Amino acid sequence: MSEAELPNLDELDEIKNKTFTKRVALATGIFAVVLAIASLGGKNATKEALLAQQQASDQWAFYQAKVIREHQYSIEKLHLEVDLAERGSNMRPETRQKFETLMARFADEEKRYNNEKKDIEKEAKKLEHERDISRDKDSYFDYAEVLLQIAIVMSSISILSVSRPVFFFSLVLAIPGALLTLGGYTLLFKIPLLHGGH
């Protein structure tokens, strides 16, 4: 009868640790990829927020210029009305006609600037809304990056210490980090803490 050879316990532990190390290393690599995606999303959200803010500021400056011009025409029209009221009876008919024509032109210009500024205001508010969305996205990416960086550190520690509980802790951090990354791109779910803080 042949003897059954029992495996060496040290060899079994080494094989088991190699399998654990490979799995944790693979998971760490996945965490790093998701971190890179979150980082890219955060940088893009920041750029988009800054660009939308600059464009909104430009629109508001344009809006203010229209308001100033509108008021200038309004003031000029009022001056003509006052002059006409004071001297109207003493004016020659052709001079009076010129005053009335100018008053009508100034009134038309005032209305035109008033209408133009409404469109500019709509565009500025649209750009501010885009800025706010980008800011909201950026908050998701910020927290995702933190959680994923900590998860990578913890999984590295788990490899060195061959500790399954430390690895599971890294998973507990990486999963919300991945979900926050997804949330940053899609805003499918809202976390009140991450909105309206700007």
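The values are calculated or read from the model by the stated rules, or taken from the named source; none is laboratory data. This structure is a prediction, so every number in the text was calculated from the model and none was measured. Neighbour counts run over all protein chains shown; Cβ positions are idealised from the backbone, glycine included. For the accessible areas, the whole protein counts, side chains as well, though only heavy atoms, and no ligand, DNA or RNA atoms are used. Shrake-Rupley method; radii C 1.70, N 1.55, O 1.52, S 1.80 Å.
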Between 0 and 90°, nearest 10: helix 9-87 axis offset from the chain longest Cα axis: 0
Full-extension gain in nm, LYS18 to LYS43, via 0.36 nm per residue minus C-alpha separation: 5.3 nm
For the chain: accessible area per residue (Å², 1.4 Å): 67
Separation between Cα centres of region 164-193 and region 19-53, rounded to whole Å: 11
The chain: equivalent-ellipsoid semi-axes (sqrt of 5 x gyration tensor eigenvalues, Cα, Å): 76, 11, 10
Distance in nm between pseudo-label sites at ALA36 and LYS126 (7 Å out along the Cβ direction from Cα): 3.7
Residue-level accessible surface for SER161, protein heavy atoms, 1.4 Å, Å²: 60
Probe 1.4 Å - accessible area at ILE37, Å² to nearest ten: 80
Share of carbon and sulfur in the accessible heavy-atom surface of the chain [1.4 Å probe, %]: 61
Exposure rank, largest accessible area first [PHE167, PHE141; 1.4 Å]: PHE167, PHE141
Residues in region 56-86 that a label on ILE133 would reach, taking backbone N under 20 Å of a point 7 Å out along Cα→Cβ: 56-60
Accessible-area ranking of TYR143, TYR113, largest first, probe 1.4 Å: TYR143, TYR113
Under 28 Å between alpha carbons - lysine pairs in region 31-116 that sit 8 or more apart or on different chains: 6
Rounded FRET efficiency, nearest 0.05, which uses the C-beta distance separating THR186 from SER161 and R0 of 35 Å: 0.45
